[in-house]
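Q: Below: one structure in structure tokens.
The values are calculated or read from the model by the stated rules, or taken from the named source; none is laboratory data. In this text the structure is predicted, and so the values were computed from the model without any measurement. All Cβ positions, glycine included, derive from the backbone under ideal geometry; neighbour counts span all protein chains shown. Keep in mind that these areas ignore ligands, DNA and RNA; they rest on the heavy atoms of the full protein, side chains included. Shrake-Rupley method; radii C 1.70, N 1.55, O 1.52, S 1.80 Å.
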Amino acid sequence: MIRHMLVLGALGDLAARYLLPALARLREAGELPEGFRVSALARDDQDTPGYREFAGENLAEHAPDTPEAARSGLVEALEYYQADVTDPERIKAALGDSGEPVIVYLALPPAVFAPTIEALGEAGLPEGSRIVVEKPFGEDLESAQKLNRLLHDTFPEEAVFRVDHFLGLQTVQNVLGLRFANRVFEPLWNHDHVERVEIVWDETLALEGRAGYYDSAGALKDMIQNHLLQLLCLVGMEPPLTLHERDLRDRKVDLLRAVRRLSPEEIEELTVRARYTAGRIADREIPAYADEEDVDPERETETFAEVTLFVDNWRWSGVPFTLRSGKALGQDRSEVSIHFKPVPHSTFAPEAKPEPNVLTLGLDPDRISLDIEINGPGESLDLEHLELGSELSPQKIPAYGRLLLGILEGDPTLSIRGDEAEESWRIVEPILEAWNADKVPLREYPAGSGGPS
Ligand code: BG6
């Protein structure tokens with residue numbers, strides 16, 4: 001395992017809320033290698049004691065359940081380097097002269113990815129080093145291709161880890177267990193039996209001070225281009241031979257390649273974009289998105305996106321897959337639901353029409369349920385709806401921890417391969433273009449509601 005990590009952008013939100021807590025949890029679980037250390041780089045005038053204090057405070061806030069010993073053990077392994085991360089000399093200083101391979105984590109705004117990758121190339125990283133790139137990976141197909149080429153100038157593909165933290169979620173991984181470790185579902189997992197599939201990530205969270213990033217992204221780029229398309233891959237792909245990175249990622253790319261690029265007419269009919277107006281969620285007053293600090297209302301950034309896609313292959317021909325995500329909604333709801341077709345003939349009286357079965361995978365909290373029909377306890381031939389459900393035990397290692405473990409071990413199974421990133425843009429790009437050209441009206445919904453009607 002690699003023992004030295006460089007975090008570029010170490011004072012940012014990502015490092016504070018996700019990376020440091022995940023590393024502390026891995027330390028607690030005994031998963032960090034002996035002598036593990038982190039060089040934290042950021043522009044700010046700061047020193048190592050100051051950075052350690054920052055890390056300690058953030059760990060107390062974001063990893064309160066991780067024992068104090070693991071938190072302080074991690075804090076002692078942090079060294080701060082004030083640095084412009086596009087300056088190869090500062091990177092060399094942080095690398096030191098041990099010659100050992102490093103993991104470089106780009107916890108940076110996407111605008112500086114390219115100059116930073118160039119600077120890493122100039123600094124010359126030790127053989128066997130790895131690079132981790134956060135989303136968004138590019139902002140359209142062309143920029144993603146360009147970024148891939150730039151990365152490949154310095155790193156072989158096996159050393160590039162493109163992060164999508166949804167792949168580290170236990171329930172997301174459970175899609176694989178459910179599909180491929182059970183005989184009962186797979187024979188039904190196709191257009192003969194499935195009517196439609198919904199992949200939903202509704203949040204009560206609003207902007208939460210992230211205008212700097214979010215206002216130039218919006219829900220389509222923030223959630224659908226990456227997280228929800230990844231879920232679509234796992235739900236829709238053909239069974240991989242094994243769960244090794246190549247088999248799994250080849251099958252995911254096959255699925256993405258089969259997703260139809262929507263035509264202009266389909267985009268008008270099958271996509272929805274909207275943004276929230278002022279409202280209330282529980283006891284929180286939420287201002288209209290357009291009035292949030294640092295938001296440019298003229299940009300018309302959507303905070304809600306819904307897209308219905310089709311997978312044009314033998315298994316899924318004609319089945320609509322609806323992907324939806326929105327912010328400032330009345331309820332958190334994150335799930336994949338497989339809606340089966342109705343039974344071919346109803347044996348029961350017309351008024352006792354059986355409801356079609358629905359298999360739901362709740363992603364947060366982790367839950368699985370299957371809606372079935374049975375004979376009710378009253379009239380012997382009446383039907384009753386029954387939900388068979390189970391809560392899944394909470395995840396021991398957070399999603400970021402699982403991803404980091406793969407990176408430390410050099411296993412890219414849970415990271416996005418370059419061609420996957422490009423294929424995802426191929427699907428989303430025509431929708432983005434149509435939205436930017438106002439071909440689909442920007443609708444509104446009050447914060448705290450269920451979304452646009
Ligand atoms: C992030 C998005 O990638 O995922 C956020 O940028 C979103 O907008 C978040 O809220 C949802 O994931 P989690 O794990 O933070 O609930």
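Q: Just for segment 151-174: of the residues that are under 28 Å from Leu95 (Cβ atoms) and open to solvent by 30 Å² or more (accessible area, probe 1.4 Å), which one is nearest to the ligand (Cβ to nearest atom)? Talk me through it step by step, then tell me what you get.
A: Going residue by residue through segment 151-174, those that are under 28 Å from Leu95 (Cβ atoms) are 151-165, 168.
Now drop any that are not open to solvent by 30 Å² or more (accessible area, probe 1.4 Å), which leaves 152-154, 156-158, 165.
On the way: His152: 25, Asp153: 27, Thr154: 26, Pro156: 27, Glu157: 23, Glu158: 24, His165: 6 Å.
Out of the qualifying residues, it is His165.
Q: Restricting to segment 239-278, count the residues that are part of a loop (DSSP other than H, G, I, E, B) and basic (Lys, Arg).
A: Of the residues in that region, 2 qualify.
Q: When the residues of segment 388-403 are narrowed to those that are out of contact with any Ser or Thr (no Cβ under 9 Å at 6 or more places or on another chain) and open to solvent by less than 60 Å² (accessible area, probe 1.4 Å), which ends up nearest to the ligand (Cβ to nearest atom)?
A: Step by step, filter segment 388-403, then rank; the result is Ala399.
Q: Follow-up question, since we're still on this one. Mind listing whichever residues of segment 177-220 are over 30 Å from Glu285 (Cα atoms) and among the basic types (Lys, Arg)?
A: Arg179, Arg183, Arg196
Q: On to the next question. May I ask you to list the residues in segment 208-221 that are within 9 Å of the ligand (Cβ to nearest atom) and out of contact with any strand residue (DSSP E or B) (no Cβ under 8 Å at 6 or more places or on another chain)?
A: Hits for segment 208-221 are Glu208, Arg210, Tyr213, Tyr214, Ala217.
Q: Shifting gears a bit: Please go through (1) open to solvent by 20 Å² or more (accessible area, probe 1.4 Å); (2) within 30 Å of Pro287 (Cβ to Cβ); (3) not acidic (Asp, Glu) for Met223 and return the number of the only condition it doesn't satisfy.
A: If we test Met223 against (1) open to solvent by 20 Å² or more (accessible area, probe 1.4 Å); (2) within 30 Å of Pro287 (Cβ to Cβ); (3) not acidic (Asp, Glu), just (1) comes out false.
Q: State all residues of segment 313-340 that are open to solvent by 60 Å² or more (accessible area, probe 1.4 Å) and more than 20 Å from Trp189 (Cβ to Cβ); if no residue qualifies, say none.
A: Just the residues of segment 313-340 that are open to solvent by 60 Å² or more (accessible area, probe 1.4 Å), to begin with: 314, 317, 331-333.
Correct list: Gln331, Asp332, Arg333.
Q: When both residues are 6+ apart or on different chains and their Cβ atoms are under 6 Å apart, which pairs have a first residue that lies in segment 76-90 and is in contact (Cβ under 8 Å) with a residue 24 or more places away in the chain, and a second that is basic (Lys, Arg) and outside any loop (DSSP other than H, G, I, E, B)?
A: If the second residue must be basic (Lys, Arg) and outside any loop (DSSP other than H, G, I, E, B), the pairs left are Ala77/Arg37; Leu78/Arg52; Ala83/Arg90.
Q: Still on this structure, please answer the following. Give the residue, chosen from Val295, Val343, that is without any contact (Cβ under 8 Å) to a residue 24 or more places away in the chain, of a type in the set (A, V, I, L, M, F, W, C) and either within 16 Å of the ligand (Cβ to nearest atom) or open to solvent by 60 Å² or more (accessible area, probe 1.4 Å) (or both).
A: Going through Val295, Val343 in turn, the sole match is Val343.
Okay, residues lined up against (1) of a type in the set (D, E, K, R); (2) assigned to a helix (DSSP H, G or I); (3) within 16 Å of the ligand (Cβ to nearest atom); (4) on the phi > 0 side of the Ramachandran plot:
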| position | (1), (2), (3), (4) |
| --- | --- |
| Ala119 | no, yes, no, no |
| Glu122 | yes, yes, no, no |
| Pro126 | no, no, no, no |
| Ile131 | no, no, no, no |
| Ser143 | no, yes, no, no |
| Arg149 | yes, yes, no, no |
| Leu176 | no, yes, no, no |
| Val184 | no, no, no, no |
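Q: Sticking with this structure for a sec: Looking at the structure I just gave you, is Lys135 within 13 Å of the ligand (Cβ to nearest atom) and not in a strand (DSSP E or B)?
A: yes
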